[in-house]
Structures are given as structure tokens and as C-alpha cells.
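Notes follow the structure.
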Amino acid sequence: PSALITMDADTLSMSAELLAAASGHCLTPEERALLPSSLAILKNEHGFSKVHFWGKMQGIGRDYLIAQGLGDTAGDKKEGAFNAGSDITVAQFFETLQSVPKKTFRLGPDGVSWTFLPAVTAEMKAIELDWQKSLQAKGQVFTPLTGDISFKYEWSAMTGPPAEDDEEKKPTPEAKEMVEDVRLACMVDAIDTDTSVVPVGAFILNSSSRVVANPYFRGLDLSSGLKLESYMHLRKPALLQNQPISERAVLSKSTHFLDSLTLDQPKGSWSLKHDAGNKMVMLRSLLFPGYVHFNCISANTFGAIYVGSGARNRDLPFML
């Protein structure tokens with residue numbers, strides 16, 4: 001059977017073999033036995049249009065298996081324009097997609113039940129950034145996850161306005177903490193924002209401005225598959241609206257509504273390779289080593305997986 005996003009409940013067995021060839025990472029026999037049924041339960045319980053296995057975040061004590069559910073969304077502005085029978089300009093069109101709805105889960109110790117990861121907020125990102133700064137102050141760049149979801153990261157940060165002469169108003173250290181569940185959610189969100197690759201045409205905006213899988217997508221041929229412009233990020237567009245209107249005017253509104261990988265910075269952060277033996281094209285992230293996307297040539301079978309500690313390659317600008 002065809003699969004618009006592989007590693008889902010229906011095609012896990014086939015996808016696991018393709019991803020093993022693409023990434024070098026294999027699911028354990030226990031994971032391959034448990035995941036199909038648990039992903040199917042997750043899909044049915046929450047009514048997602050698609051559920052797929054996102055990857056594995058490696059920890060010291062144990063690893064976290066991550067799944068993601070995809071649903072439909074509507075851009076209020078564009079939907080309102082359609083309902084009113086009016087048209088909208090090119091410039092407005094590429095700003096109508098407010099979000100690509102995703103829910104992220106981690107697998108519980110029983111291997112069946114999935115738990116929501118917290119929805120990442122600006123406040124959570126600020127806390128995680130403050131913790132990273134405390135690491136850098138100690139001369140550290142990164143520390144791996146512990147594998148204990150309730151583990152608390154504790155540090156102190158200076159608070160209060162800086163004062164030169166008034167000793168009573170000098171900054172004072174404030175104890176802060178963050179549970180691993182929050183850190184895990186922030187790490188998955190950061191990786192997903194910079195990766196989440198899909199081929200152009202695999203998803204479309206329908207007449208109600210809803211993001212849906214394209215039933216007529218038949219994959220990329222080899223020539224297209226080896227071009228970076230044939231891939232997009234399945235996320236809320238952040239870069240597309242900054243492009244000149246003249247460039248956006250020639251894009252197909254139904255298929256080019258997401259950020260292209262050609263807009264990513266720094267340039268050269270993606271590696272494309274043709275695997276002739278398995279008749280597929282592989283796309284690897286150099287920013288987050290461990291992320292690999294694959295798509296089978298001239299077939300609507302594609303997928304991606306991340307397996308790693310969550311560390312960002314901070315040396316990438318100096319490697320290019």
C-alpha cells in the first residue's frame with residue numbers, strides 16, 4: 001500500500017526497513033512489535049488524520065520514543081474570503097496559514113500508552129534558554145537527557161536591575177528549576193521546526209485553506225528528488241512571506257504554501273544523496289545530525305526519523 005507519511009500505524013514494518021537503510025538506525029524487535037498497535041490506538045483515540053513515528057530522543061537512563069499526530073486546520077483570513085466570495089492578493093495569501101496542527105506524544109514505559117508532551121509556549125522557551133545560559137556560564141555547551149521524565153534541572157540566575165552604588169538594589173541570585181518533560185518538549189519542538197521535511201506536492205491547501213494530504217501525489221522523479229527546491233518544511237511558514245511578491249506570484253498557491261528548504265540558513269545545511277540500490281533519495285540535516293528524510297523515486301512513499309541526543313551542531317557555520 002502507498003503511504004503519504006511512512007512510519008505510521010499502517011506501514012511501520014515496510015518503513016522501518018527503508019529507514020534502517022537510510023539512517024542506519026534500526027528499531028528493536030520489541031519496538032517493532034509494540035509500535036504498530038500503539039500508534040493505531042493513538043490515532044483512533046484522538047481522531048488524527050495521520051499518526052507517524054517521529055523518532056527517538058536518547059537519554060542516559062532510557063530513551064524517549066516520540067510520535068506525532070497530524071490534523072486539519074483552516075486559515076481564518078483565507079476561509080473568510082472564500083465564504084464571502086472575494087479573492088485575496090498574493091501577498092496576503094502566503095500569510096493566511098496560521099499553523100500546521102501537530103500534537104506530539106512520548107511513549108510510556110508500558111510500551112502502549114502515549115502521553116502528551118506539553119505544548120511549547122514562549123515562557124517555556126525562555127526557561128529552557130535561561131537554563132542553557134547557566135550551562136554556558138559553567139563552560140558547558142550541552143548535557144544529555146537523563147531519561148527520567150520527572151527529573152528537575154536546578155540552577156540560579158541573577159535577577160533585579162543592575163546598580164553601581166546602591167547595595168540594597170544589587171542583583172540577587174534566584175533559584176530556578178525545569179522538569180525534564182518541559183526540556184524534552186522544547187528540544188523536540190526545536191528539531192521539528194528546523195526539519196519536518198516533506199516533498200513539494202505531498203500536501204496541499206484545499207479550497208477551505210485546510211492542510212490535507214494530496215491523494216494524487218505520485219512522488220518525485222530522480223531529477224526532482226535531487227533538487228533542494230523540491231522539499232518543504234511541514235510547519236507554520238516563517239520565511240516565505242519575506243520573499244518578494246514577484247517571486248511568490250509564480251508559485252502554486254495549492255502546493256507551495258510552506259517554507260522551501262532553499263530558504264534555510266546557513267546555506268549548505270542539507271545533504272542530498274541518491275541510494276540507487278534502494279531506489280530512493282536521502283536528505284540529511286547537518287544542523288541536527290541524526291535526522292534523515294527519505295523518499296522513494298516516483299512513488300508516494302516517503303518518511304523521516306530523528307535518532308539522537310537532541311544536540312544542535314553549533315559548529316556548522318564554520319564547517320561550510
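The values are calculated or read from the model by the stated rules, or taken from the named source; none is laboratory data. Just so you know, these numbers come straight off a predicted model, no measurement behind them. Note: ideal-geometry Cβ built from the backbone for every residue, glycine included; neighbour counts use all protein chains shown. Calculation scope for accessible area: heavy atoms of the full protein, side chains included, ligands and nucleic acids excluded. Shrake-Rupley method; radii C 1.70, N 1.55, O 1.52, S 1.80 Å.
Among residues that are in a loop (DSSP other than H, G, I, E, B), open to solvent by 30 Å² or more (accessible area, probe 1.4 Å), modelled with pLDDT of 80 or more and within 30 Å of Leu258 (Cβ to Cβ), Ala126 is not included. Scanning the range 99-117 for residues that are assigned to a loop (DSSP other than H, G, I, E, B) and either modelled with pLDDT under 90 or polar (S, T, N, Q) (or both) yields Ser99, Val100, Pro101, Gly108, Pro109, Asp110, Gly111, Val112, Ser113. Only one of the numbered conditions (1) surrounded by 14 or more Cβ atoms within 10 Å (Cβ to Cβ); (2) on the phi > 0 side of the Ramachandran plot is violated by Leu117, and that is (2). Pairs meeting the criteria (first residue in the range 213-233 and farther than 10 Å from Val200 by Cα, second residue open to solvent by 70 Å² or more (accessible area, probe 1.4 Å), beta carbons under 6 Å, at least 6 apart or on different chains) are Asp221/Ser298. Is there a residue being among the aromatic types (Phe, Trp, Tyr), in a loop (DSSP other than H, G, I, E, B) and open to solvent by less than 30 Å² (accessible area, probe 1.4 Å) anywhere in the range 288-296? The answer is yes, given that some residue of the range 288-296 is among the aromatic types (Phe, Trp, Tyr), in a loop (DSSP other than H, G, I, E, B) and open to solvent by less than 30 Å² (accessible area, probe 1.4 Å). Of the residues screened, Asp181 is one that is at pLDDT 90 or above and closer than 25 Å to Tyr291 by Cα. If you go through the range 219-248 and keep only what is small (Gly, Ala, Ser) and either modelled with pLDDT of 85 or more or open to solvent by less than 60 Å² (accessible area, probe 1.4 Å) (or both), you end up with Gly219, Ser223, Ser224, Gly225, Ser230, Ala238.
Whenever a residue of the range 27-54 is within 12 Å of Trp114 (Cα to Cα) and among the charged types (D, E, K, R), its partners that are at pLDDT 80 or above and open to solvent by less than 70 Å² (accessible area, probe 1.4 Å), lying with C-beta atoms within less than 9 angstrom and at least six residues away or across chains, give the pairs Lys43/Val51; Lys43/Gly69; Glu45/Trp114. Considered as a group, the residues in the range 258-287 that are at pLDDT 90 or above and of a type in the set (Gly, Ala, Ser) include one that is most open to solvent (accessible area, probe 1.4 Å), and that residue is Ser271. Contact map, the range 294-320: residues that are over 22 Å from Thr193 (Cα atoms) and without any contact (Cβ under 8 Å) to a residue 24 or more places away in the chain paired with residues that are open to solvent by 40 Å² or more (accessible area, probe 1.4 Å) and not in a strand (DSSP E or B), Cβ distance under 6 Å, separation 6+ or inter-chain. No pairs are found.
Among Thr28, Thr6, which is the only one that is among the hydroxyl-bearing types (Ser, Thr, Tyr) and at pLDDT below 70?
Being among the hydroxyl-bearing types (Ser, Thr, Tyr) and at pLDDT below 70 holds for just one of Thr28, Thr6, which is Thr6.
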